[in-house]
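*Asks:* Encoded as structure tokens, here's the structure I'll be asking about.
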Amino acid sequence: MTEQAPGHGIRAERIEKRLGGNDVLRGVDLTVRPGEILSILGSSGSGKSTLLRCLNLLTVPDRGDIWVHGEKLAIRAASQQGGRARILDHRQVRRVRASTGMVFQSFNLWPHKTALENVTEGPVLVKGTQGNAAADLGRHYLAKVGLLDKADAYPRHLSGGQQQRVAIARALAMEPRVLLFDEPTSALDPELVGEVLRVIAALAGEGCTMVIVTHELAFAREVSTRAAFMHAGLIEEESPPQEFFSSPVSSRLRGFLASHR
């Protein structure tokens, strides 16, 4: 029987992960409620992306518990004798990932498929959506990110900003309950950042639940309902954006914000 937790959204407790001999996550607790937009900030190497990848088990945490939409993920913890953590129920993970969309830094589009084919790949393979229904779904989400006119274009013919918007449309086409963004603008030229941030801001305005790892401080302040600061594998401070950016408690957060002004 699947263990349930009250409510939906995402909850992580005491998440630990060691990579390459380094303690990347050192007991992280995190809750994301339905409708929240949580931005996670921090210096390079603080554990932000690893935490995000743990939330849908692209990276399996060594220890800790994760609930997604009220369902506890089945993970075997790493043993103290050097064993490896592993997924116990792969069907559960596929089900959870289908309702938890992920947008990566590097787009990860299929180069041999058109924009429309990239967007419809998930619904076709995972949900069995076929024919005109799949094409209509794909066009709907390409239109949502302002790229319906690029439906037949291949990734090599699109700018970086356009490719990232296709990647967002691809995640949306699975109609997830939560969207995870891992530094969605870090691979873009500065002049292309705005077009991607405008799409994400529009989704935030629709009440989509999101977790956004980002270095765009002004954007995080504008769209977030809550912001968190990670340092050395832990969440050091989290609060509503007005408090987070205007009255930080942590000296490390104050220094981080000052260095990014």
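*Asks:* Output the residues belonging to region 120-165 that are among the aliphatic types (A, V, I, L, M) and assigned to a helix (DSSP H, G or I). Outline the logic, then answer.
*Replies:* Keep residues of region 120-165 that are among the aliphatic types (A, V, I, L, M), which gives 124-126, 133-135, 137, 142-143, 145, 147-148, 151, 153, 158.
Of everything in region 120-165, those that are among the aliphatic types (A, V, I, L, M) and assigned to a helix (DSSP H, G or I) turn out to be 124, 125, 126, 133, 134, 135, 137, 142, 143, 148.
*Asks:* In the list 131, 160, 146, which residue meets the criterion of being farther than 27 Å from residue 35 by Cα and open to solvent by 30 Å² or more (accessible area, probe 1.4 Å)?
*Replies:* The unique qualifying residue is 131.
*Asks:* Now, a different point. Could you grab the pairs with beta carbons closer than 6 Å, sequence gap of 6+ or different chains, first residue in region 96-120 and in contact (Cβ under 8 Å) with a residue 40 or more places away in the chain and under 15 Å from residue 54 (Cα atoms), second one in a helix (DSSP H, G or I) and open to solvent by less than 20 Å² (accessible area, probe 1.4 Å)?
*Replies:* Short answer, once both residue conditions are applied: 101/171; 103/167; 103/168; 103/171.
*Asks:* Could you check residue 230 against (1) more than 14 Å from the chain's Cα centre (by Cα); (2) modelled with pLDDT of 95 or more; (3) farther than 30 Å from residue 258 by Cα and say which number it fails?
*Replies:* Going through the list (1) more than 14 Å from the chain's Cα centre (by Cα); (2) modelled with pLDDT of 95 or more; (3) farther than 30 Å from residue 258 by Cα, residue 230 breaks only (3).
*Asks:* Still on this structure, I have one more. Do we have residue 224 as surrounded by fewer than 18 Cβ atoms within 10 Å (Cβ to Cβ) and either without any contact (Cβ under 8 Å) to a residue 40 or more places away in the chain or in contact with a helix residue (DSSP H, G or I) (Cβ under 9 Å, 6 or more places away or on another chain) (or both) here? Break it down stepwise before answering.
*Replies:* On the way: surrounded by fewer than 18 Cβ atoms within 10 Å (Cβ to Cβ): no; either without any contact (Cβ under 8 Å) to a residue 40 or more places away in the chain or in contact with a helix residue (DSSP H, G or I) (Cβ under 9 Å, 6 or more places away or on another chain) (or both): yes.
The answer is no for residue 224.
*Asks:* Would you mention how many residues in region 98-126 are surrounded by 17 or more Cβ atoms within 10 Å (Cβ to Cβ), over 16 Å from residue 155 (Cα atoms) and not hydrophobic (A, V, I, L, M, F, W, C)?
*Replies:* Residues flagged as surrounded by 17 or more Cβ atoms within 10 Å (Cβ to Cβ), over 16 Å from residue 155 (Cα atoms) and not hydrophobic (A, V, I, L, M, F, W, C) within region 98-126 amount to 4.
*Asks:* Looking only at residues that are part of a loop (DSSP other than H, G, I, E, B) and more than 12 Å from residue 87 (Cα to Cα) in region 52-72, which one is nearest to the chain's Cα centre (by Cα)? Outline the logic, then answer.
*Replies:* Here is the first cut: in region 52-72, the ones part of a loop (DSSP other than H, G, I, E, B) are 56-62, 69-70.
Pick out the ones that are also more than 12 Å from residue 87 (Cα to Cα) and you get 69-70.
Working: 69: 15, 70: 18 Å.
The residue in question is 69.
*Asks:* Residue 95 - would you say it is among the basic types (Lys, Arg), surrounded by 15 or more Cβ atoms within 10 Å (Cβ to Cβ), farther than 21 Å from residue 214 by Cα and at pLDDT 95 or above?
*Replies:* Spelling it out, it is not the case that residue 95 is among the basic types (Lys, Arg), surrounded by 15 or more Cβ atoms within 10 Å (Cβ to Cβ), farther than 21 Å from residue 214 by Cα and at pLDDT 95 or above.
The values are calculated or read from the model by the stated rules, or taken from the named source; none is laboratory data. All values reported here derive from a predicted model rather than from experimental measurement. Neighbour counts are summed over all protein chains in view; Cβ atoms, including those assigned to glycine, are modelled from backbone coordinates with ideal geometry. Heavy atoms of the whole protein, side chains included, go into the accessibility calculation; ligands, DNA and RNA do not. Shrake-Rupley method; radii C 1.70, N 1.55, O 1.52, S 1.80 Å.
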